Amino acid sequence: MSELRFDNRVVVVTGAGGGLGKAYSLFFASRGAKVVVNDLGAGLKGEGVSASAADLVVEEIKKAGGSAVADYNNVLEGHKIVETAIKAFGRIDVIICNAGILRDKSFKSMTDKDWDDVFNVHLHGSYAIVKAAWPLLRKQKFGRIIMTSSAAGIYGNFGQANYSAAKQAVVGFSNSLAYEGAKYNITSNAIAPLAASRMTATVMPQELLEALKPEFIAPLVAFLTHEETKQSGGLYEIGAGKITAHRWQATEGVVFKADESFTPAAVKAKFAEIDNFDSPAVYYPTSMKDNDWLGKLEVAKALTTNSKGEELRYDGQVAVVTGAGNGLGRAYAKMFAKFGAKVVVNDLGYVTVDGQKVRAADVVVADIKKAGGEAVANYDSVEDGEKVVATAIDNYGRIDILINNAGILRDKAFVNATPQDWDLVYRVHLRGTYKCSKAAWPHMLKQKSGSIINTNSSVGIFGNFGQTNYAAAKAGIQGFTNTLAIEGAKYGIRANAIAPNAGTAMTATIMPAEIVEMLKPEFVAPLVGYLAHSSTEATGKLFQVGSCWISEIRRQRSGGVGFPLSKPITPEAIASKWQKVIDFDDGNAHHVANTRQSSAELLANASSTDEAEEAEKEEGTVDLAAAYKAVGQPENFDFTKRDVILYALGIGASRHDLPLVYEHSDKFQTFPTYAVIPAFFTRLDITEHLPSFNPMMLLHGEQYIEIKSPLPTEGRMVCTSQLVDIQDKGKGVTCTARLTMKDTKGNVLAISESTSFIRGIGGFSKKPGFKSVKGPERSTAALAQNASPKRAPDAVFSQKTSEDQAAIYRLSGDYNPLHIDAEMSKLGGFKTPILHGLCTFGHAARHVVKMAGGNDAATLKSVKARFSAPVIPGETLETSIWADKENPKKVLFQVRVVERDVVAISNAAAEFSVPVAIAKLSKL
Ligand SMILES: CCCCCCC[C@@H](O)CC(=O)SCCNC(=O)CCNC(=O)[C@H](O)C(C)(C)COP(=O)(O)OP(=O)(O)OC[C@H]1O[C@@H](n2cnc3c(N)ncnc32)[C@H](O)[C@@H]1OP(=O)(O)O
């Protein structure tokens, strides 16, 4: 394929002073584009203005022979950025809305300013620039737009209610721009990148950042914005070289009879069906038209009644319904009152009754009271959420249910829509939902219960022509809901969203009366009632509801394509695999539950190879001679008393073991197995010498340490590392690295040999061209078999580990996510995170010293162990020892997991500098 070029194209990248924006700018320039590098020069929190960031990027582009100009405008003044492009280059073709800031805070502590700042940059800034450029793009009949979403928006994320909402809002905006632009060869797509940037650096562990270079994202952006690419209205998640696509997945749902028996209880009775994504009838709607609303009505008509179930009541509960003067809101308010709730009927509008202009809310309150219910009116704008909620608190002392329903429409083709149309729709729908939820939140937190139901729309899900404002606001409400569900979980607060389709004044004029009757708001209300009820568990969900039909809808992600990170990813490579990226039928598409799962799956690609590389490996690229020859440069490992104490706590020492955990103890010492730690701070890269593998498939197989001189309690060790053994075990590979630790004068303090057992990459020795080479001499004690004798042990010692053992141990230096992150451990084939092998090793060594070394660790000379089964934090480790018949200074030992009766350490031995004296101990 010929190179995808951008010659004569003018590309505007916002927030391009660093991270992703910079990577995009450099990439576009390298492909011939003229680039407007926009950056305010602001810090991560939006403070400070310095021109240098954009200038530096422009300089770099120019040095490389490219063409670029800097722009320092705030994205809210998008028209000025467009002006810069026109002034410098005479046109604008591609807009990458990338600028972003974070204001992470728990929802409880979030301020309106945190909310507004984030929206101003992410959503309103994106709007401002696209709005200014739109007439030009239409006129030239060409345009390519990229919106930057985020996994936080797709799944919700703790502490990011503002950010998740904004990041979904831009997807709704993009989806609608795709509709609007179709006729003019303007495409719009959204990407959710997982990349290391100033923003992510604050929330991501360092070791993962390497796989997340912004350079891995730029080629997708280039592909999507190339003139040959027609793809539009998509959402793509990308990170660590993996590119995946999103689509919607909906359940077949349940159709209800449109009569009095359609109640919240009837919904409850059928909820398992509504929620059933395992049914073959699950389908994949791509636009509003894919739902056969009239067909559902036909089914509904044929039904006789609904299964009733036990009535769901709301006695003693207080429900606030916004926009409840008419339509859906009124139906909800009446339903809640009918089933016992006290209702705050919010509406700022008026209706005419008997020729009199009266408050719509008053009419509904009067109706409720007439029917024997309890209600009070509130006339405030939802933007004054505090006042709306105060009405509930002042009158009834609490708020249990909040239905954010108020809304308005300002539909217009994007080219004709005014900034006021944009602003008003955003403020009523999204900011109003935020304000009311924010006001209700502290009360719900205090009560430790609450249900919030927000109103999305098919337009928010799929986008629509003439509704960019509405689509953005509605999609934003979804991102917001997702985060509320996450933040509320601990406090019994649930948050769900619905996309209702109900009869309106408009449909009444064009549909037969019978159908209008069935599209009544009263037939949306039962779902709201069910979701609001305190017995309901559902949270974080989204439903399509209308025509007496309820279906759940969620996103599904394609298996996607993983590009190897060992060489640059190109837009051409992406183009050649695009059909695979958007292939949802290859058996790999699946629902992703949360940001952790999302990033874990993307990161699993960090070690992927492509077919060409695999082919190279076929020729037997494991070069043992080269591997054994590579000796690392000496590296300094500095440690403090605090490190030594933290390690001791990690291997199960307690406050009673003062010599190990108290720096002022007379006998304060470093436990000798600490010699395993420096290896985690050296740079020996075993992956260089092995076929590619998933890091979660690497397990610690064996460990040997030899202490030449007691380790100091602080100071510096000079470490040299070397690979000493690589073996092909068929189903896996063992790889042993030796670390020699010296003091600064050159005296050897200790030697450590760690064997990794890497599952799934065996077989290299059978490949043609493979040369068997013997590794450097290994420590003989390490190679001894040390099988436990058949006889009963001479002493046994057991200790229950803490469920937090791995969480503590890792702080000594092995930050492998396998031991703490459930999603990552699943990638390694484990149900839950497992304990570090060396944590078990340290426990065992302590037990052995107690039982055989007179509790004097200074006499321990060497320890060798094989990890034969994983241990789960919280399990009991039982260490058994046997005196060795041939060597009075040696004991054999093993470690058994008591709860599961499996041997976790086998073939193990410890040697002391003095003859062992076996003590009978049973607990620590
Ligand atoms: C300083 C850097 C250090 C390295 C980084 C470490 C990072 C850490 O964060 C990672 C961890 O701590 S992981 C946790 C600790 N380890 C474990 O839980 C592994 C437990 N062991 C097992 O599951 C199996 O033994 C298992 C899966 C390992 C093997 O089981 P099987 O597949 O059933 O193998 P089997 O059929 O019994 O044997 C095949 C060949 O392999 C040899 N072998 C078996 N277990 C071994 C082990 N633990 N270590 C080394 N070699 C081992 C066998 O001898 C056999 O070889 P051969 O075919 O030549 O006879």
Expected vector for the range 521-535, Karplus 3J(HN,Hα) from phi with 6.51, -1.76, 1.60 and θ = phi - 60°, integer Hz, x for Gly and Pro, equals x, 4, 9, 9, 3, x, 5, 4, x, 4, 5, 7, 6, 5, 7
Averaging 1/r across every pair of distinct alpha carbons in the chain and inverting yields a Kirkwood hydrodynamic radius, in angstrom, of 31.0 Å
Taking Glu311, Glu537 and ranking on accessible area (1.4 Å, protein atoms only), highest first, one gets Glu537, Glu311
Loop-resident trypsin sites (Lys or Arg not before Pro) in the range 116-177 with no more than 14 other Cβ atoms inside 10 Å, DSSP not H/G/I/E/B, are Lys141
In degrees, nearest 10, the alpha-carbon axis of helix 432-447 is tilted away from the dominant principal axis of the alpha carbons of the chain by 60 degrees
Ranking Met288, Met741 from most to least accessible area with a 1.4 Å probe gives Met288, Met741
Reduced to Cα centres, the span from the range 736-754 to the range 56-76 in Å works out to 50 Å
Along the range 133-141, Karplus-curve 3J(HN,Hα) (6.51, -1.76, 1.60; θ = phi - 60°) to the nearest Hz, with x for Gly and Pro, reads 7, 3, x, 5, 5, 4, 5, 8, 6
Helix 78-89 sits off the longest principal axis of the Cα atoms of the chain, rounded to the nearest 10 on a 0 to 90 degree scale, by 70 degrees
Longest principal axis of the chain (C-alpha) makes with the long axis of helix 19-30 (C-alpha) an angle, in degrees to the nearest 10, of 80 degrees
Counting only residues 5 or more apart in sequence or on a different chain, those whose built amide H sits under 5 Å from that of Gly466 are Phe414
Checking the range 396-451 for trypsin sites (Lys or Arg not before Pro) in a loop per DSSP with at most 12 other beta-carbon atoms within 10 Å yields Lys448
Honestly the range 239-337 on the Cα gyration tensor test (a ≥ b ≥ c root eigenvalues; a/c under 1.5 rounded, otherwise a/b vs b/c for prolate or oblate) is just prolate
Given unit charges at Cβ for Lys, Arg (+) and Asp, Glu (-), the dipole magnitude of the chain about its Cα centre in debye, nearest 20, is 640 debye
With all protein chains in place and a 1.4 Å probe, Ser534 shows an accessible area in Å² (nearest 10) of 90 Å²
quick note, the chain, DSSP beta bridge pairs, % antiparallel (nearest 5) is 60 percent
Of every Cα-Cα pair in the range 826-908, the percentage lying beyond 17 Å is 47 percent
Whole-Hz Karplus couplings 3J(HN,Hα) for the range 224-233, θ = phi - 60° and coefficients 6.51, -1.76, 1.60, Gly and Pro as x, run 5, 9, 6, 5, 6, 8, 9, 3, 8, x
Log entry: pair-distance distribution for the range 676-775, C-alpha pairs binned every 10 Å from zero, whole % per bin is 15, 43, 27, 13, 3, 0
Checking the range 754-828 for GluC sites (Glu not before Pro) in a loop per DSSP with at most 11 other beta-carbon atoms within 10 Å yields Glu777, Glu803
CD proxy, 222 nm, the chain: helix-only mean residue ellipticity via -39,500 (n - 2.57) per DSSP H run with n ≥ 4, per residue, nearest 500, stands at -9000 deg cm²/dmol
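The values are calculated or read from the model by the stated rules, or taken from the named source; none is laboratory data. All values derive from a computational prediction rather than experimental measurement. All Cβ positions, even for glycine, are placed from backbone atoms using ideal geometry, and neighbour counts span all protein chains on display. These area figures cover heavy atoms from the full protein model, side chains too; ligands, DNA and RNA do not enter into them. Shrake-Rupley method; radii C 1.70, N 1.55, O 1.52, S 1.80 Å.
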